[in-house]
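Working notes, structure below.
No lab work stands behind these numbers, since they all come straight from the coordinates. A quick note: this is a predicted structure, and the numbers were derived from the prediction, not measured. Every residue, glycine as well, gets a Cβ built from its backbone with ideal geometry; the counts of neighbours run over all protein chains shown.
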Ligand code: SR1
Ligand code: MG
């Protein structure tokens, strides 16, 4: 997308040329970067919704400006979308930053008139999805995201937040337009095509079988109900591997010394397992790519990330429960066990929803889409069949290890290696 062309909007849309003036108008940014000595302003937004500018000045300081457009960038102005999503992201970043400081980028400033966030520059990080696509490992990233979900789940729930503050936070976090996107694209359209679905011709039968699978559709109805009604905690809301930045301690890969969840514009009060399932579903997608490329060892590693994330989440939640929970008179350990068992099983359900939508619906993933079609066919089929197994088997043995084993079996059986 060119940012030199004027975009019609009821507020100023930034271009590389207008960024210096924007910076001068924001006192909070005066110490962050020098608008009169900018050496580079790059528009790098490759997501589905927003403009993203990475700035650097002559002293080597940098920051990121992220502006919400009044429409869905992926589709264009025909799909109008509230720019107020930027406020949701700012508020989520502030709160999540309080609870999990090292696991989100720092928010420097938010301009509510132009819907612009100024965020810490993470140019020394990589988007986890693209690192995964390149065959890299950042050990510790899956655990970090488990801890992140544990911190925000506990800290924004009735267990970790004063009741009055939680009520106000919940009210401010009602995010209907972004939630509607998820309700439609994740839970509905893979089964009831609204004209936005697409698959390879070789996968048309797989998509048709999916939509005709009554067990799957009923399970997605349950998942959608939970998503729309169960305000447990202020979630990230779109926690796929493309919403995580990773940095290796030493070189291009290896143990991660920094892991950050970003892009929280879909934040809302919802069921905790939705964020966990988003991660799990995308680990399966990463594994499908590895299997398609003939790297079974890497596929096994990717599927093992489900356990790593879950274990870190559970440990974080148990620790917070022991140390910090509100009202132990009523919230006893039976409730803790009930919640953990429910979320573990629901992570399968939401994981199934999240992996399926990326194969059949609008907004796919580079893990699968950059595979040559003869390989993509089997990878796509494997992801869809994994989802159908997950919704059926989630109550039999709901350990994340079993979830990974099922995915491994299915992906190996469906791979088309050209
Ligand atoms: C129309 S927006 C499509 C998708 O992009 C975001 O990353 C969310 O996943 C959303 O569903
Ligand atoms: Mg996003």
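According to the Kirkwood expression over distinct Cα-Cα pairs, how big is the hydrodynamic radius of segment 16-96, in Å?
Working: mean 1/r = 0.0723 Å⁻¹.
Result for segment 16-96, one decimal place: 13.8 Å.
For the chain, report the convex hull volume of the alpha-carbon atoms normalised per residue, in Å³, without decimals. Before the final figure, lay out each step's value.
Values: hull volume 59.0 nm³, N = 418.
Value for the chain: 141 Å³ per residue.
Would you mind checking the radius of gyration and Dmax of segment 105-171 based on alpha-carbon positions, in Å?
In order Rg, Dmax, the Cα atoms of segment 105-171 give 16.6, 46 Å.
Quote the FRET efficiency, to the nearest 0.05, computed for residue 331 versus residue 39 with a Förster distance R0 of 56 Å and r equal to the Cβ-Cβ distance.
Numbers: r = 53 Å, r/R0 = 0.95.
Computed FRET efficiency for residue 331 and residue 39: 0.55.
From the helices alone, meaning DSSP H stretches of at least four residues, give me the mean residue ellipticity at 222 nm for the chain, per-run term -39500 (n - 2.57), in deg cm²/dmol to the nearest 500.
Working: 14 runs with 200 residues, N = 418.
Rounded to the nearest 500, the figure is -15500 deg cm²/dmol.
Highest GNM mean-square fluctuation, the chain, Cα pairs closer than 10 Å: which of 64, 72, 272?
72
Express the Stokes-Einstein translational diffusion coefficient of segment 116-213 in µm² s⁻¹, to the nearest whole number, given a Kirkwood radius over alpha-carbon pairs, 25 °C and a viscosity of 0.890 mPa s. Mind dumping the intermediate values first?
Numbers: Rh = 18.1 Å.
Diffusion coefficient, whole number: 136 µm²/s.
Compute the relative contact order of the chain as a whole-number percentage, counting only Cα pairs closer than 8 Å that sit 6 or more residues apart in sequence.
Values: 771 pairs, mean separation 69.2, N = 418.
Across the chain, relative contact order equals 17 percent.
Can you give the FRET efficiency for residue 318 and residue 215, using 1/(1 + (r/R0)^6), R0 = 25 Å, r = Cβ-Cβ distance, to the nearest 0.05?
On the way: r = 33 Å, r/R0 = 1.31.
About 0.15, to the nearest 0.05.
Given the options 278, 299, 172, which has the most mean-square fluctuation in a GNM of the chain, springs set between C-alpha atoms less than 10 angstrom apart?
Highest fluctuation of the listed residues: 172.
Alpha carbon centre of segment 311-354 versus segment 194-242: separation in Å?
Comparing the Cα centres of segment 311-354 and segment 194-242, I get a distance of 24 Å.
Using a Gaussian network model of the chain with C-alpha springs under 10 Å, which one of 401, 42, 325 is most mobile by mean-square fluctuation?
Residue with maximal mean-square fluctuation among 401, 42, 325: 42.
What full-extension length gain, to one decimal in nm, is calculated for residue 196 and residue 163 as 0.36 nm per residue of separation minus the Cα-Cα distance?
On the way: separation 33, 0.36 × 33 = 11.88 nm, distance 4.11 nm.
7.8 nm is the gain from fully extending residue 196 to residue 163.
Full-extension gain between residue 75 and residue 94, please, as 0.36 nm times their residue separation minus the C-alpha to C-alpha distance. Working shown, then result.
Values: separation 19, 0.36 × 19 = 6.84 nm, distance 2.94 nm.
Additional length available on full extension: 3.9 nm.
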